[in-house]
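The structure appears below as structure tokens.
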Amino acid sequence: MKGQQPAFCTHSTLLLLAPPTCFCHTRQQVNKRLEQWTPAETSRLQIWFLQQFRMRWLCTTGLFAGLLHLSSSLLLGAFNIRTFGDAKASNETLMNIISTVVHRYDIILIQEVRDVDLSATTKLMEYVNKGSSEFGYIVSEPLGRGTYKERYLFLYRTQAASVVKSYTYDDGCESCGTDTFNREPFVVMFSSKLSAAASFALVPQHTSPDSAVQEVDALYDVVTDVRSRWSTNNIVLLGDFNSGCSYVAGSDWEQIRLFTDKSFHWLIPDSADTTVTTTVCPYDRIVVTADMMKAVVQGSAQVYDFMADLKLSHSLALDVSDHFPVEVKLSS
């Protein structure tokens, strides 16, 4: 056999490459041939086999890693679920729909969470985690100037992302009436191996409609604070900005630094409709910094019409929310 590959080569290729259904038949053929081989031939065969196995393992591993890299991405969403509290959490039909929407995302911001004791949030997590990949969550304190308060709630796939740190933006003295936001942003930094931006800050905002111009403009100051505090420019601002129709129109845009500073990218256009109702308004938005834009998959930002996708009646969709989620995909 000197200078030649053993006769086993053709069979070993089948052993390595053929599907399991071929394995037993091929092995029987090989065993019959092995009975005729000398110890020296067997030794050379073993060395050759190990070399081939190592090569195949490396090729398979590389192919898998390549496919994983090509297919991996991170989907972010923001969803204003109208008045999400115990009443909605007790409705199995609505909770199943909401859970289905949540499962679409790797990280999703939920707004209008009216949940003082987190009982509705706990119920949501039970629905979301039942028979699925595990989701975690991080939630703000109840926020609001008066008795009406809401929480910002982030749900995330624990295998796709993790929370690094968080803080509530200090916008001034509420009792003095000098604060800026009705519901100040609860800023969260996430890390993920599925994003080209290994870590990034999410700035949620649900503005008061009558103060939308002032509050969206003030998000510029929040970005400045995040940059200073965390030394990052990988920043995504998202939520129900009420930035459209009569709340923000015409010359109002010239008063919004987040809009006039062209280093910010508004990913949901003015032509979008983020409402389930008969209005056509782009209330819900996603805005990213220049650095964060590098991680955005081009053309991936959109409104997710869960009513059409899940084939819901208009009335049932409205029972879920009067808003559609907005979303964007981050590349690895």
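The values are calculated or read from the model by the stated rules, or taken from the named source; none is laboratory data. Bear in mind the structure is a predicted one, so any value in this text is a computation, not a measurement. Neighbour counts are summed over all protein chains in view; Cβ atoms, including those assigned to glycine, are modelled from backbone coordinates with ideal geometry.
Miscellaneous remarks
- Exclusive hit being assigned by TED's automatic domain parsing to the domain that holds LEU153, closer than 27 Å to LEU75 by Cβ and either polar (S, T, N, Q) or touching a residue at least 40 places away in the same chain (Cβ under 8 Å) (or both), set SER251, SER243: SER243
- Whether a residue is among the acidic types (Asp, Glu) and under 19 Å from THR180 (Cα atoms) was assessed, and ASP261 does not pass this test.
Residue-wise test of (1) at pLDDT below 95; (2) of a type outside the set (Ser, Thr, Tyr); (3) within 26 Å of THR168 (Cα to Cα); (4) out of contact with any strand residue (DSSP E or B) (no Cβ under 8 Å at 6 or more places or on another chain).
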residue: MET95; (1), (2), (3), (4): no, yes, no, yes
residue: SER99; (1), (2), (3), (4): no, no, no, yes
residue: VAL102; (1), (2), (3), (4): no, yes, yes, no
residue: TYR127; (1), (2), (3), (4): no, no, no, yes
residue: VAL139; (1), (2), (3), (4): no, yes, yes, no
residue: LEU155; (1), (2), (3), (4): no, yes, yes, no
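- Within segment 77-181, helices (runs of 4 or more DSSP H) holding 2 or more residues that are without any contact (Cβ under 8 Å) to a residue 60 or more places away in the chain and within 26 Å of LYS329 (Cα to Cα): 92-102, 119-129
- Within segment 238-248, considering residues that are over 13 Å from PHE264 (Cβ atoms) and among the polar types (S, T, N, Q), the one surrounded by the most Cβ atoms within 10 Å (Cβ to Cβ): ASN242
- Whichever residue in segment 259-283 is crowded, with 20+ Cβ neighbours inside 10 Å and not hydrophobic (A, V, I, L, M, F, W, C) and, among such residues, is nearest to HIS206 (Cα to Cα): TYR283
- Some residue of segment 235-252 being charged (D, E, K, R), out of contact with any Leu (no Cβ under 6 Å at 6 or more places or on another chain) and closer than 21 Å to LEU155 by Cβ: yes
- Answer from ILE235, ILE256 - the residue that is closer than 20 Å to ASP171 by Cβ, surrounded by 19 or more Cβ atoms within 10 Å (Cβ to Cβ), hydrophobic (A, V, I, L, M, F, W, C) and touching a strand residue (DSSP E or B) at 6+ places or on another chain (Cβ under 7 Å): ILE235
- When GLU174 is tested against (1) within 23 Å of VAL248 (Cβ to Cβ); (2) surrounded by 13 or more Cβ atoms within 10 Å (Cβ to Cβ), exactly one condition is not met: (1).
- Hey, ALA212 without any contact (Cβ under 8 Å) to a residue 24 or more places away in the chain, in the same structural domain as GLN255 (by TED's automatic domain parsing) and of a type in the set (Gly, Ala, Ser) or not: no
- Scanning segment 277-328 for residues that are touching a strand residue (DSSP E or B) at 6+ places or on another chain (Cβ under 8 Å) and of a type in the set (Phe, Trp, Tyr) returns TYR283, TYR304, PHE324.
- Counting only residues that are surrounded by fewer than 14 Cβ atoms within 10 Å (Cβ to Cβ) and assigned to a loop (DSSP other than H, G, I, E, B), segment 289-309 holds 3 of them.
- Of the candidates LEU312, LEU316, the single residue that is modelled with pLDDT of 95 or more, of a type outside the set (Gly, Ala, Ser), exposed (fewer than 15 other Cβ atoms within 10 Å of the Cβ) and more than 25 Å from SER211 (Cα to Cα) is LEU316.
- Failed condition for LEU194, given (1) crowded, with 17+ Cβ neighbours inside 10 Å; (2) in contact with a Lys or Arg (Cβ under 8 Å, 6 or more places away or on another chain): (2)
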